[in-house]
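Some notes on the structure that comes next.
Throughout, read-outs are computed from the coordinates displayed, never taken from laboratory work. Computed from a prediction, not measured in an experiment: that's the story for all the values here. Quick reminder, even Gly has a Cβ in these numbers, built from the backbone with ideal geometry, and neighbours come from all protein chains shown.
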Amino acid sequence: MRKKIVAGNWKMNTTVPEGLELAKAVAAKSAETPANVGLIVATPFTHLAAVAEVLKGSKVELAAQNCADHASGAYTGEVSAAMLKSVGCKWTILGHSERRQYYGETDAKLVEKTKLALAEGLDVILCVGENLDEREAGRHFDVVTEQTENVLLQFSAEDMKHIVIAYEPVWAIGTGKTASSDQAEEIHACIRGILAKHFGAQVAEDTTILYGGSCKPSNAKELFAQKDIDGGLIGGASLKADDFIAIAQSY
Ligand code: PEP
């Protein structure tokens, strides 16, 4: 059975002391979430080492929000996969739409980043999703298919054991507009179909596919009830421990 996951993406929010308070609250309440639901928090780089300590002994796993596309060297301001591993990350998010939109993250770069992350033993949450223009032009299936294939066809069925996909329609991120459960499910089913086509039925069945975009306690239950939705990548609502935990309790 594929794993259910609720992952919080804190983005560029909280100072380190604020982040530690949030992490402590999430860790403390994590015992109140169903045993079969994994919890992840993706904090800013500056918080990772300290949050790793706070999460010890809880079920909550640590993620970064990005990693460098080179292993090491003269890349000022970048943080490598090995560095993330060394501070206790189990995961990194890659290809978030904000990185694609504001920092020129291309699918080719995501292939490099994913290779480096996997080589260091990090698991990857790979984000895909169409923007509003693409949705309105009826191109959402094509865009998501292209983003998914451009990256994942460079990897093996074995690698897929360490990759989770997050479908995040850009028009739903931070806007309060959630994709309807039907809209989300049809894209999730499409992604699972892509996995079946390229890696076989077992990989498609075993891969966790998360929904992200204004997911909150009031809509999580309906979204998570869909056949191909295996949890959520949560932005705004992950900044309140009670809301984040309530989303995980929707299972
Ligand atoms: C996100 O940025 O990954 C996200 C899903 O944000 P929000 O929940 O705030 O829409």
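Backbone phi angles across segment 83-94, fed through the Karplus curve with coefficients 6.51, -1.76 and 1.60 (θ = phi - 60°), yield HN-Hα couplings of 5, 4, 4, 5, 9, x, 6, 9, 9, 9, 6, 9 Hz in residue order; Gly and Pro are listed as x. Amide H contacts for residue 93 (H built 1.01 Å from N in the peptide plane; partners 5 or more residues away or on another chain; cut-off under 5 Å): 64, 65, 66, 125.
When the listed pairs 11/90; 24/90; 113/221 are checked against a 26 Å cut-off, the alpha-carbon distance exceeds it for 113/221. Using only alpha carbons, the chain has a radius of gyration to Kirkwood radius ratio (Rg to Rh) of 0.93. Averaging Cα coordinates gives a centre for segment 42-72 and one for segment 180-207; these two points are 28 Å apart. Sites listed here are chymotrypsin sites (Phe, Trp or Tyr not before Pro) in segment 76-144 whose DSSP assignment is loop and whose Cβ has at most 14 other Cβ atoms within 10 Å: 103.
The rule of thumb for compact globular proteins, 2.2 N^0.38 Å, goes into the C-alpha radius of gyration of segment 117-171 1.27 times. Anisotropy class assigned to segment 1-40 is oblate, per the alpha carbon gyration tensor with a/c at or over the 1.5 cut-off and a/b no larger than b/c. Out of every Cα-Cα pair that segment 60-171 contains, those further apart than 17 angstrom amount to 53 percent.
For segment 47-112, the Cβ-based charge dipole about the Cα centre amounts to some 260 debye (Lys, Arg positive; Asp, Glu negative; other atoms uncharged). Could you work out the percent of alpha carbon pairs in segment 173-238 separated by over 19 Å, rounded to a whole number? Within segment 173-238, distances greater than 19 Å cover 32 percent of Cα pairs. Remark: for residue pairs 4/216; 4/29; 29/240; 85/197, the C-alpha separation exceeds 20 Å in 85/197. Here the Karplus curve 6.51 cos²θ - 1.76 cosθ + 1.60, taken at θ = phi - 60°, turns the phi angles of segment 19-25 into couplings of x, 5, 4, 4, 5, 4, 5 Hz, with x standing for Gly and Pro.
When peptides 187-199, 207-219 are ranked by their average number of other Cβ atoms within 10 Å per residue, the highest-first order is 207-219, 187-199.
Checking every one of the trypsin sites (Lys or Arg not before Pro) in segment 202-251 against DSSP loop status and a limit of 11 other Cβ atoms within 10 Å picks out 227. Derived scalar couplings between HN and Hα for segment 140-153 equal 4, 5, 5, 5, 5, 4, 5, 4, 5, 5, 4, 8, 6, 5 Hz in order, rounded to whole Hz, by the Karplus curve 6.51 cos²θ - 1.76 cosθ + 1.60 (θ = phi - 60°), x for Gly and Pro. The H on the amide N of residue 8, modeled in the peptide plane, is under 5 Å from the matching H of 40, 41, 42, 234, each at least 5 residues off or on a different chain.
Among the trypsin sites (Lys or Arg not before Pro) within segment 1-31, those in coil by DSSP and having at most 16 neighbouring Cβ atoms inside 10 Å are 2, 3. Ellipsoid semi-axes for segment 1-72, based on the Cα gyration tensor and the rule √(5λ), read 21, 17, 10 Å when sorted largest first.
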